[in-house]
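Here's the structure, in structure tokens; my notes come after.
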Amino acid sequence: MTEAKSLRLAGRIGQIQPSPTMAVMAEAMRLKAEGVDVVDFSAGQPDFPTPENIKLSGEKAIADNFTRYTPNAGMPELRQAVADRYREDYGLDFDSSNVIITSGGKHALLNLMLSLIDPGDEVVIPTPYWGTFAEQVRLAGGEPVFVATSEDDGFRMTAEVIAPAITARTRILLLNFPANPTGAVIGDEEIRALGDLIVDRGALFLWDDTYARLMFEPAPAAAFQYVQQKLGERFVIAGTASKAYAMTGWRIGWAMGSEAIIKACGSLQSQMTSNASSISQKAALTAVKADQAPLAEMIAEYRWRASRLRESLLEIPNLRCGMPGGGFYLFPNVSHYLRPGETTTELASELLDDVRVAVVPGTAFGCDGHLRVSFACSRELIEEGARRVKRFFAARANS
Ligand code: GLU
């Protein structure tokens, strides 16, 4: 008998890690399915159901047999509606030809990364950062360049912090605004300064606006208009219907940029996934076109939860925690409680084992010492989760 040869996987697979946020979420879901009473503070997704009008459009799409391919780049009406939404919300100048509809926000980002990055290109990513950014840059053959922001400064990505990282190889400056996991936001002047920083460098400005429609204060629209005017076709956006419209499972996102960039994304997409789900596109069309007023209620609720949970966590001695500018994450500093040599990966796993609270460790975001705590869950769960977390840290302090 010949000995079986070990299976060889492509080298690029060895260069990336599976999504740690998805992994923690999956573990929490697995435990819940087994009947374990887990408080899930890990989920990067709204607990609100998809609004009725959006769901109905999906149902209607099925009933109407709208179940075939759409154009590869998305339904023309949806591409137009997304462009219109950005004009209305932020005064940005995009047309339907500047939009491609993708299977979620991650797919939009990957389309952009693969269309824009050549081997050796650098992408400047402020830390703490959502892991997918770096992994996608690596998949595209580029090099993530991490720039640490400071907790004392609210993790703000300012031109002063970023400037030393800009080199002749900088291809993209990434602004995740508000940021996952910190909820950090920056002001009008600071966004303009970031645009100014790269205007003569030939680099692109990529705004991941996943959480922008869930900001607690209005987004500084004029600053983004300024960046678009300054950088022209070097200003690109990756967005999603997932968070603002509570549509994570529908998998709809969009990339926006110059016609040439969107065409490039289209070529790629035509060879990878083709169009995003036709049914989901119909639902997303309703989401972006409908009255956006219900968003305000969701935002108010998230804001309430953010301050309530933060207040509770701050009762834990020696824990620090800022208030996010939007989204649904807190990023408390728990480094006081780490044992020698321990990381938050171990701490988070003990938190899950001991008191059944799921959070994502800071190590997943290139920032140990912190935990990402999602408050995209009911008020009852926030109260219960906070009680358990306090019990856990009280026990640690005494151990
Ligand atoms: N973006 C969400 C999060 O950070 C969903 C999980 C993921 O896509 O990584 O939790």
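The values are calculated or read from the model by the stated rules, or taken from the named source; none is laboratory data. Since the structure is predicted, the reported quantities are computational estimates derived from the model, not experimental observations. Cβ coordinates were reconstructed from backbone atoms using ideal geometry, including for glycine residues, and neighbour counts include every protein chain displayed.
A quick yes/no check of all residues on (1) within 30 Å of Ser335 (Cβ to Cβ); (2) in contact with a helix residue (DSSP H, G or I) (Cβ under 7 Å, 6 or more places away or on another chain); (3) modelled with pLDDT of 95 or more; (4) not aromatic (Phe, Trp, Tyr):
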position: Ala238; (1), (2), (3), (4): no, yes, yes, yes
position: Met247; (1), (2), (3), (4): no, yes, yes, yes
position: Gly257; (1), (2), (3), (4): no, yes, yes, yes
position: Lys282; (1), (2), (3), (4): no, yes, yes, yes
position: Ala300; (1), (2), (3), (4): no, no, yes, yes
position: Ile316; (1), (2), (3), (4): yes, yes, yes, yes
- Task: Would you check if there is a residue in the range 24-39 being within 22 Å of the chain's Cα centre (by Cα) and at pLDDT 95 or above?
- Result: yes
- Complete set of residues in the range 18-39 that are more than 11 Å from the ligand (Cβ to nearest atom) and touching a residue at least 24 places away in the same chain (Cβ under 8 Å): Glu27, Ala28, Leu31, Val36, Asp37, Val38, Val39
- Query: Any idea which residue in the range 368-380 is surrounded by the most Cβ atoms within 10 Å (Cβ to Cβ), counting only those that are away from the ligand (no atom under 14 Å from the Cβ) and in a loop (DSSP other than H, G, I, E, B)?
  - Reply: Gly369
- Identify the residue in the range 125-142 that is part of a loop (DSSP other than H, G, I, E, B) and out of contact with any Phe, Trp or Tyr (no Cβ under 8 Å at 6 or more places or on another chain) and, among all such residues, is nearest to the ligand (Cβ to nearest atom). Ala140
- Of the conditions (1) surrounded by fewer than 18 Cβ atoms within 10 Å (Cβ to Cβ); (2) of a type in the set (D, E, K, R); (3) under 15 Å from Met215 (Cβ atoms), Arg303 clears all except one; give me its number. (1)
- Got at least one residue in the range 311-319 being in a helix (DSSP H, G or I), touching a residue at least 60 places away in the same chain (Cβ under 8 Å) and either surrounded by fewer than 21 Cβ atoms within 10 Å (Cβ to Cβ) or within 20 Å of the chain's Cα centre (by Cα) (or both)? yes
- Message: Condition (residue is within 16 Å of the ligand (Cβ to nearest atom) and assigned to a strand (DSSP E or B)) applied to the range 107-124: is it met by at least one residue?
- Response: no
- Query: Could you count how many residues in the range 322-362 are among the hydroxyl-bearing types (Ser, Thr, Tyr) and either crowded, with 19+ Cβ neighbours inside 10 Å or within 22 Å of Glu311 (Cβ to Cβ) (or both)?
  - Reply: 4
- Message: Which pairs turn up if I take residues in the range 193-210 that are more than 17 Å from Leu116 (Cβ to Cβ) and within 16 Å of the ligand (Cβ to nearest atom) and look for partners that are among the basic types (Lys, Arg) and modelled with pLDDT of 95 or more with beta carbon separation below 6 Å, at least 6 apart in sequence or on another chain?
- Response: Thr210/Lys243
- Query: Pairs, please: C-beta under 9 Å, at least 6 apart or cross-chain, first residue without any contact (Cβ under 8 Å) to a residue 40 or more places away in the chain and in the range 249-268, second in a strand (DSSP E or B)?
  - Reply: Lys263/Ile100
- Task: Answer with yes or no whether Val145 is among the β-branched types (Val, Ile, Thr), free of Cβ contacts under 8 Å to residues at least 60 places away in the same chain and away from the ligand (no atom under 16 Å from the Cβ).
- Result: yes
- Item | Filter result for Ile101 (at pLDDT 95 or above, within 15 Å of the ligand (Cβ to nearest atom) and in a strand (DSSP E or B)) | no
- Query: Out of Asn180, Asn176, which single residue is within 16 Å of the ligand (Cβ to nearest atom), on the phi < 0 side of the Ramachandran plot and without any contact (Cβ under 8 Å) to a residue 60 or more places away in the chain?
  - Reply: Asn176
